[in-house]
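**Student:** Pasting a structure here, questions to come.
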Amino acid sequence: MTAPDSPNAASPGTPILVGAASGEYMDRVVVIEWRVAPGDAVEHGQVVAVVETAKAATEVEAPCDGVMGEILALVGDEVAVTQPLGLIAGGADAPAPTPEPNTPADPAPREADDDARPGHDPVVRANDEDRIIASPAARRRAAAMGLGLEGIVGTGPGGRIKLRDVSAAVRAMAASPLDADAQAPSCFPDTPFPLRVTRTGIETGTPVLMLHGFAGDSSVWHPIERDLAAHHPVIRLDLPCHGRSPHDRYASFHDFVRPVLEAFDSLNEGPVHVIGHSLGGAVALALADQRPGMVRSLGLLAPAGLGVEVDSHILDGLCRAASPDSLAPWLLRLVVDPSHITDGYVRAAMATRAAPHIRACQAALAARLFPNGTQAFNVTPLLRRVVVPTRLIWGRADEVLPWQQALGAPGHVALHLLPAVGHLPHLEASAIVTSVLRDLIATAEACPGPPDTDVLTHEVHVA
């Protein structure tokens, strides 16, 4: 079912827009969930809906306080990112949306800007002359991209910086060569900015904490998250230098792990099941080692830090890719079956790392953690100290981290080897990965004591 691309102008309220949550390269999304119903009170920043791109589920937040009004896009509807999903009534900023004319779709999605709201006064007043004038939407986008407003030319009345101006600046930076060493050391200097945490799932039960890999973000868990969220509270965390977490510089793996430990402590969730992929798997082991008693089980998908080799060419390619066309070949190196890397998937992946400073910070991180085609940190001792139920899941065709690095695991850690699967088992073999993780969690909750260390490592071959 496809929803019409023009909003219902008869119902007053502040429109709920996907906006920047869709990413610069996405123009349409599918509504997969509403978290509120008409008549519910909502707060600014509260997650009210979930939409799906080709790569991931994305949460949409309320733009203001108020009461949920009419839902314009039902579950299953496909809508343009510029169209309202619903309306919020009764808020301080609740003007009626202006209907858009039925014109042919523009090849580049039009971005909603606060200046376009009816009743908004874009005039620059005299007392504004000494400061930078920018719309709230432009300021939010610039902050998310780590850009200063000083160098952005505004095209609005009186030189006002609009959302389109920030987007133009981002695109201009993306077109320039990437120089990791030339970027600022931190996008949030002297600011205790927390890591991005996203919660889904039910409210009861032992939470599942999910830690993504290098050059990804928490949206990569979409293929398996929905099943886990049906049975557990799920907490997805954007690692430092990734997604919507701070993009700082880190001197070592130990330094990189520190903000994750701080974020975990601030969650105050009690014991959790931890699932980590690649670099996130190494972080998961550090978390289990540093917070004993707070981790019930470990599901490690191709974890880093268990050997020396790593394909630095793939890492470098991911860091330097500045467009969907240059990113696609490197994403294809992560899988065996190319059908998983669709054009939509590539565009959604690029949208999460469109800003040059994000790629620069990740390049600097790769230079520290994976210099000259090696892994500069070793978490094998941590794996050998693990006393909670732990399973390793690895693709036999992994080009980034060879599966043989798992052979250093102790006997009580189960090893699941997946034939014809690359570095993204949760994408290529989501059904078996979900099954293994659910069995792991069930085992841990049924037998909370330490495992029998005499149990031998075993392999599971999946067709």
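**Student:** Tell me which residues, restricted to the range 372-399, are surrounded by fewer than 21 Cβ atoms within 10 Å (Cβ to Cβ), part of a helix (DSSP H, G or I) and touching a residue at least 24 places away in the same chain (Cβ under 8 Å).
**Tutor:** Asn372, Gly373, Thr380, Leu382, Arg384, Arg385
**Student:** Would you be able to tell me the number of residues in the range 27-72 that are farther than 24 Å from Ala349 by Cβ and out of contact with any helix residue (DSSP H, G or I) (no Cβ under 9 Å at 6 or more places or on another chain)?
**Tutor:** Counting residues in the range 27-72 that are farther than 24 Å from Ala349 by Cβ and out of contact with any helix residue (DSSP H, G or I) (no Cβ under 9 Å at 6 or more places or on another chain) gives 24.
**Student:** Using beta carbons and a limit of 6 Å, which pairs, at least six apart or on different chains, have the first residue in the range 400-429 and farther than 13 Å from Ala302 by Cα and the second one of a type in the set (D, E, K, R) and assigned to a helix (DSSP H, G or I)?
**Tutor:** Filtered contacts from the range 400-429: Pro410/Arg384.
**Student:** Please go through (1) of a type in the set (Gly, Ala, Ser); (2) at positive phi; (3) at pLDDT 75 or above for Ala37 and return the number of the only condition it doesn't satisfy.
**Tutor:** (2) is the only condition that Ala37 fails.
Quick grid of which residues meet (1) over 19 Å from the mean Cα position of the chain (by Cα); (2) within 30 Å of Pro419 (Cβ to Cβ):
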site: Pro233; (1), (2): no, no
site: Ser266; (1), (2): yes, no
site: Gly276; (1), (2): no, yes
site: Arg291; (1), (2): yes, no
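The values are calculated or read from the model by the stated rules, or taken from the named source; none is laboratory data. Keep in mind that this is a model prediction, so the values were computed, not measured. Please note: Cβ atoms are built from the backbone with ideal geometry, for glycine as well, and neighbour counts cover all protein chains shown.
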